[in-house]
Amino acid sequence: MDEEVSNTRRSVRSSTRAQTFATIAFDLGALTDGDSPPPPNHAPPRRRAGAPQRSPSPPMLEEQPIKKKGRPAKRQPQKQQDALPDIPPEEEGSLYHMVLQGKASLPAIVYDWMENYKNNKEDALRELMQFFISASGCKGKITRDMQTQMEHATIIRKMTELFDEESGEYPLIMAGVVYKKFRNGFCDFVQTLVKQCQYSILYDQYMMDNVISLLLGLSDSQVRAFRHTATLAGMKLMTALVDVALTVSVNLDNTTRQYEAERQKSKEKRASDRMDTLLQRLQELEENMDEIKNMLNYMFKSVFMHRYRDTLPEIRSICMQEIGVWMRKFHSMFLDDSYLKYIGWTLHDKIGEVRLKCLQSLLPLYEAEELKGKLELFTSKFRERIVNMALDKEPEVAVQAVKLVTAIYKYSRHALEDKDCEALYELVYSSHRAIAQAAGEFLNERFFSIDENAPIVTSRRGKKRSPHTPLLRDLVCFFIESELHEHGAYLVDSLIESHPMMKDWECMTDLLVEEPEEGEEPLDSKQEVSLIEIMVCCVRQAATGEPPVGRGVVRKVMSNKEQKQILEDRCKLTEHFIATIPALVSKYRNDPLKIANLLIIPQYFDLEMYTKLRQEKSLDAFLKLLPDIVEKHNRPEVLETCAKTLETFCNDEYAIYSKCNIARTAILDKIVVYLKEGLDAYISLVEGAEEPNEDEIYAVDSPLLKASILSTSHSFGHWDVWNQIFDLIKKIEENTLPLPETCMVYSIRFCYYGLLWDLENIEENPERGSARQEQVENLRARLHLYMGMMYKIVSSSQVVSYREEAYLSICDTLVIFSKQLISNPILAPLVYEAEPVLIGALNHFINHFVFMDPDDERLDDHARIEELHKRRNFLSSFCKLIVYNMFPSKSASDVFKNYLKFYDQYGDIVKMTLSKTRENNKVNSARTMVLSLSTAFTEAKALEGTRKQQNEAMTALKELAKRFALSFGLDAVKNREAVTALHREGILFAVTPLENPDDPTGTPPNIGFLEIVAEFTNKLLKQDKKIVLQYLDKRLGFGVPSSRNDEWQSLIVYRNGLIHGEGDGAPVPSKRAYHRKKNETDDEEDQDDYEDLDY
């Protein structure tokens, strides 16, 4: 019997069908045996004998550009794109349109086709062939004569000639919901067809032979639509055959087991009929399996091996995606180095989407335990490339690469070298959140896995340590060694969603508070600082759910599940830290770095839990520590954090408000007392002609610092010290009271915030009658005194720090006390409008402190960045006053003038200002452009350098004019009035004065400015060019000058642009750009030209 089965199997393997596929000759050469990747340039489709030849003038060849006649078709609205296309009545029942419409289920469509196939194979096959032709976007029809008399190659050549599409679009790439659904329906149809035909039609040696032959020819076509559609169909057909092979394999195993069980029985119990049936079934299944494998091999060599290097990236992506499916499902056949090498080679593809498909195909293979053993050779050859792809320029590819490296590390701890792992460590600090979180997963796998066999560790007083304790120690060491200590929030964000240790509050605080047991290494000061910073970042993100600034896109609206998780995390951290924060603050209150971070934690408490959990004693213990901290520390970061935390607690919505307010009052009262005592003592010493020592200076400087910082969050109005500190400003400015520069800066800040607190007090608690009027008058008097002093400082002070602080205070005060207060009748008298002298002083400041080249080469990179940040802040403060119409538009002329010169430093700020001023008033914005250009023109003429330097300045001015012209966009009608106003102002400047005072017979001194204005000529409409030309001639008093020397070239260039460029714009009926009253004299017109100077 064994010999009979063996002979039968050998006969099956040598069946006629197997020989048919085996006769296909393919010379694999280096593709099969070699290990080096193919050349980087993607090969075009290879032509084989019998493949369709190129038609004389195919309409959709990739080698030839598509030319359209007449006007291009208008893009249809989205609704029309999503609508079903018009279907001829004779085609409504075709397979293509049934799949496209999606009304009938695919199994039903395939069932009806199978019934037709059983009745008439030729007609059903022609209908199926037509489906693939139509799905490619071809309007050609396969007739019965073509089917019977032509080879597939000839039919394809005929369809290519009938391909009359001009747009280059076809169903697989067309936009709209209908075609998006069709792409999915097309793939599902192919797979459903094979699935429902697997028990009969699939093996009849007719349907599959013809379908495979047609798809092979189409996939080798020069027409992109045919090639793309056929490749997708062929790959999905192979995937469907893989599913069938799996089914046959299961049935084959079951039948073999049944046959062996029956054969093992004794002759008396053995059923010969059943054995014959099982043997016949076994032979049939083996034959089917061999036939399917032959089909798969044939299609792989005929389609995949030529299309995985196609010029079209979509086709390459399809190949990489489907081969991954085959390897995962039918790994006994496809998970082999002879197939894996195609994915490895394509990892070098120049298109990110193709590289992404390669990685997505590999990841499931490494994640499957039963497949890892077959990947050793592939891993060794392509490991380096996969690791390098973690730094891919495409973020999605980099994310997938990091995940794949993590899977490789799980598969084998020794598969990666140390240098491979180190390349991924710093990715946790990446600005792309998905990459950082993927790198966090790798860190978790490499460093932060809990050791189940680790011994139990306790603190000195016997408290059991958390299993996360050694992991947190490792995390702290990693953070310190990375030397990126300013980015702790990025590290936390990378790990907080993937590892529970990031929310193990008890473990963190125990490491800081609990004394270590003998033999356990304590944390040093640097490690404590790092652990506290990590803990604070964890608290912040757990309580808010927001990633750090600069990482990822703007966060979307949180789901209910996310909001619920945040509330739970906030309750847990509040419950823990309410009891532990007093001990932490008490232990580290003398260390400014540590206490500045620890005081941030209470800002994220759910303060209602103080009363819910009856933790009033913990609140009292915490509040008692704050006065001591404020008194001991002078570091701004400590005081700012303390002020913010105190502000959070002093919220009258909570029951703890009264206790917190008492603590706040005590802190502020002590600061005021120290300030008054220090000032009185210092003034007495100065008046007595004594020299104050360092302690006496500190007694003034320290309370001023604390008062200026705490005034940002708390009002000192109850103590009424504003006048005293303002008098201090006057004395320092008048040099009658020598104090350090910092005292002046602190005093300016304190008085500024004092004005804001007075304003809020009037808004929130308005008094009645005369009391309210008195409050407004007092604030108004203080405001004018303060602004007058700030103007004096910013315009005449010799100390740079004074001028900088005064400048910022003026800008911010003008915004707060602007015309917006008019909406409240009570606050209307407090509106403060800047006078021209103040605007000039601020403009002078930005010219000297913003638009200046860095002159200190000794600054390091960090200091340079800080200096640039400060200057950008200065410029933004000035520009916002222009954008919000607090300053006239012409105030921006010096800002616009330096647009290109300082583009790298302030280009974004100036561009936004330019855009916003245009939104406010297009005409005024255009006039400001002319003013900035004319100022730069005057400065360029005044240069005392060589002729070369003047030419360089004029060239830079032309580039600036071109940039301004581009900002008007393409809509000439919308900008018509602004552009004509710009030309009007430019002409007026160029011809004023008309006579040259140095040479009465010479050209006007500013006539060269017309060459700059000429950059805006193409923005004029046709009819406006004529009017501008008339206006120019009228101002000059003549047309073309009789003299043609170089001095008149600017005028000639400008006139030529107005005359010869008239055809550029279409005439649009609109109002005149220039209005002229009848019977006006020239003097009246001159007066009209200069009206609205305060634009």
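Apart from one condition, Glu127 fits all of (1) among the acidic types (Asp, Glu); (2) out of contact with any Leu (no Cβ under 9 Å at 6 or more places or on another chain); (3) part of a helix (DSSP H, G or I); the exception is (2).
Is at least one residue of region 268-279 in a loop (DSSP other than H, G, I, E, B), surrounded by 12 or more Cβ atoms within 10 Å (Cβ to Cβ) and over 60 Å from the mean Cα position of the chain (by Cα)? Talk me through it step by step, then tell me what you get.
Within region 268-279, the first condition is being in a loop (DSSP other than H, G, I, E, B), and the residues that meet it are 268-271.
Pick out the ones that are also surrounded by 12 or more Cβ atoms within 10 Å (Cβ to Cβ) and you get 270.
If we keep only those that are over 60 Å from the mean Cα position of the chain (by Cα) too, we end up with 270.
Yes, some residue in region 268-279 is in a loop (DSSP other than H, G, I, E, B), surrounded by 12 or more Cβ atoms within 10 Å (Cβ to Cβ) and over 60 Å from the mean Cα position of the chain (by Cα).
For Ile709, the conditions (1) in a helix (DSSP H, G or I); (2) closer than 22 Å to Glu760 by Cβ; (3) without any contact (Cβ under 8 Å) to a residue 12 or more places away in the chain; (4) not basic (Lys, Arg) all hold with the exception of (3).
Of Val177, Val99, Val194, Val190, all but one fail to be open to solvent by 30 Å² or more (accessible area, probe 1.4 Å) and in contact with a helix residue (DSSP H, G or I) (Cβ under 6 Å, 6 or more places away or on another chain); the exception is Val177. The lone criterion from (1) farther than 30 Å from Leu365 by Cα; (2) in a helix (DSSP H, G or I); (3) of a type in the set (D, E, K, R); (4) in contact (Cβ under 8 Å) with a residue 40 or more places away in the chain left unmet by Glu486 is number (4).
Every condition in (1) in a helix (DSSP H, G or I); (2) under 29 Å from Ser482 (Cα atoms); (3) not polar (S, T, N, Q) is met by Glu376 except one, and the failing one is (2). Take the conditions open to solvent by 10 Å² or more (accessible area, probe 1.4 Å) and over 27 Å from Tyr111 (Cβ atoms) and apply them to Lys158. Does it pass? In short, yes.
Looking only at helices (runs of 4 or more DSSP H) that lie completely in region 284-362, which have at least 1 residues being farther than 30 Å from Asp204 by Cβ and open to solvent by 10 Å² or more (accessible area, probe 1.4 Å)?
Working: elements: 313-329, 331-334, 337-346.
Answer list for region 284-362: 313-329, 337-346.
Once region 818-862 is narrowed to residues that are open to solvent by less than 30 Å² (accessible area, probe 1.4 Å) and assigned to a helix (DSSP H, G or I), the residue that is farthest from Ser797 (Cα to Cα) is Leu821.
Which residue out of Arg555, Arg551 is open to solvent by less than 30 Å² (accessible area, probe 1.4 Å), on the phi < 0 side of the Ramachandran plot and either among the basic types (Lys, Arg) or modelled with pLDDT of 95 or more (or both)? Talk me through it step by step, then tell me what you get.
Working: Arg555 fails: open to solvent by less than 30 Å² (accessible area, probe 1.4 Å).
Every option except Arg551 fails the conditions.
Within region 105-118, being over 16 Å from Gln191 (Cα atoms) and either aliphatic (A, V, I, L, M) or open to solvent by less than 60 Å² (accessible area, probe 1.4 Å) (or both) holds for one residue alone: Tyr117. The set of residues in region 1051-1065 that are modelled with pLDDT under 85 and either within 15 Å of Ile1007 (Cβ to Cβ) or not charged (D, E, K, R) (or both) comprises His1060, Gly1061, Gly1063, Gly1065.
When Gly1008 is tested against (1) free of Cβ contacts under 8 Å to residues at least 60 places away in the same chain; (2) over 39 Å from the mean Cα position of the chain (by Cα), only condition (1) is not met. With respect to (1) closer than 24 Å to Ile315 by Cβ; (2) open to solvent by 20 Å² or more (accessible area, probe 1.4 Å), the lone exception for Gly185 is condition (2).
Residue under question is Asp392, and the condition is that it be farther than 28 Å from Gln541 by Cβ, crowded, with 16+ Cβ neighbours inside 10 Å and not aliphatic (A, V, I, L, M); does it hold? Lay out the reasoning, then the answer.
Working: farther than 28 Å from Gln541 by Cβ: no; crowded, with 16+ Cβ neighbours inside 10 Å: yes; not aliphatic (A, V, I, L, M): yes.
Criteria not met by Asp392.
In region 712-728, the qualifying residues are those that are open to solvent by less than 20 Å² (accessible area, probe 1.4 Å) and part of a helix (DSSP H, G or I), and the one that is nearest to Ala663 (Cα to Cα) is Trp722. Look at region 399-411: where a residue is farther than 12 Å from Leu375 by Cβ and a partner is open to solvent by 30 Å² or more (accessible area, probe 1.4 Å) and polar (S, T, N, Q), sitting 6+ places away or on another chain with Cβ atoms under 8 Å, you get Gln400/Gln360. Taking the listed residues Glu528, Glu518, Glu533, Glu562, the one that is farther than 25 Å from Thr645 by Cα and part of a helix (DSSP H, G or I) is Glu562, with no other qualifying.
Ile595 falls short on exactly one of the conditions (1) open to solvent by 20 Å² or more (accessible area, probe 1.4 Å); (2) closer than 24 Å to Thr544 by Cα, and that condition is (1).
Condition (residue is at pLDDT below 90, part of a helix (DSSP H, G or I) and open to solvent by less than 20 Å² (accessible area, probe 1.4 Å)) applied to region 1036-1044: is it met by at least one residue? Scanning region 1036-1044 turns up at least one residue that is at pLDDT below 90, part of a helix (DSSP H, G or I) and open to solvent by less than 20 Å² (accessible area, probe 1.4 Å). Taken together, the residues in region 184-238 that are more than 44 Å from the chain's Cα centre (by Cα) and of a type outside the set (A, V, I, L, M) amount to 12. Criterion applied to Lys644, Lys706 was being open to solvent by less than 70 Å² (accessible area, probe 1.4 Å), charged (D, E, K, R) and closer than 30 Å to Asp620 by Cβ, and the one residue passing it is Lys706. Remark: pairs (first residue in region 873-890, farther than 15 Å from Ile816 by Cα; second residue in a helix (DSSP H, G or I) and among the acidic types (Asp, Glu); Cβ separation under 8 Å; 6+ apart in sequence or on different chains) = Phe874/Glu804.
Pull up region 795-832, narrow it to residues that are of a type in the set (Val, Ile, Thr) and over 37 Å from the mean Cα position of the chain (by Cα), then point me to the one that is nearest to Met886 (Cα to Cα). Spell out how you get there, then give the answer.
Within region 795-832, the subset of a type in the set (Val, Ile, Thr) is 799-800, 810, 813, 815-816, 822, 826, 831.
Next, only the ones that are over 37 Å from the mean Cα position of the chain (by Cα) stay: 799-800, 822, 826, 831.
Details: Val799: 28, Val800: 26, Ile822: 14, Ile826: 21, Val831: 11 Å.
Top of the filtered list is Val831.
Just one of (1) surrounded by 14 or more Cβ atoms within 10 Å (Cβ to Cβ); (2) modelled with pLDDT of 90 or more; (3) over 21 Å from Ser449 (Cβ atoms); (4) of a type outside the set (S, T, N, Q) fails for Leu511. It is (3).
If only one of Leu246, Leu202 is in a helix (DSSP H, G or I) and open to solvent by 40 Å² or more (accessible area, probe 1.4 Å), which one is it? After applying the criteria, what remains is Leu246. Taken over region 138-153, the criterion of being in contact (Cβ under 8 Å) with a residue 24 or more places away in the chain and surrounded by 14 or more Cβ atoms within 10 Å (Cβ to Cβ) is satisfied by Cys138, Gln147, His152, Ala153. Within region 773-807, being within 19 Å of Ala834 (Cα to Cα), open to solvent by less than 30 Å² (accessible area, probe 1.4 Å) and small (Gly, Ala, Ser) holds for one residue alone: Ala806.
For the condition modelled with pLDDT of 95 or more and more than 17 Å from Ser530 (Cα to Cα), Ile601 does not qualify.
The values are calculated or read from the model by the stated rules, or taken from the named source; none is laboratory data. Note that the structure is a prediction, hence the values are computed from the model and not measured. Using ideal geometry, Cβ is built from the backbone for each residue, glycine included, and neighbour counts are taken over all protein chains shown. The accessibility values were calculated without ligands, DNA or RNA, using every heavy atom of the protein model including side chains. Shrake-Rupley method; radii C 1.70, N 1.55, O 1.52, S 1.80 Å.
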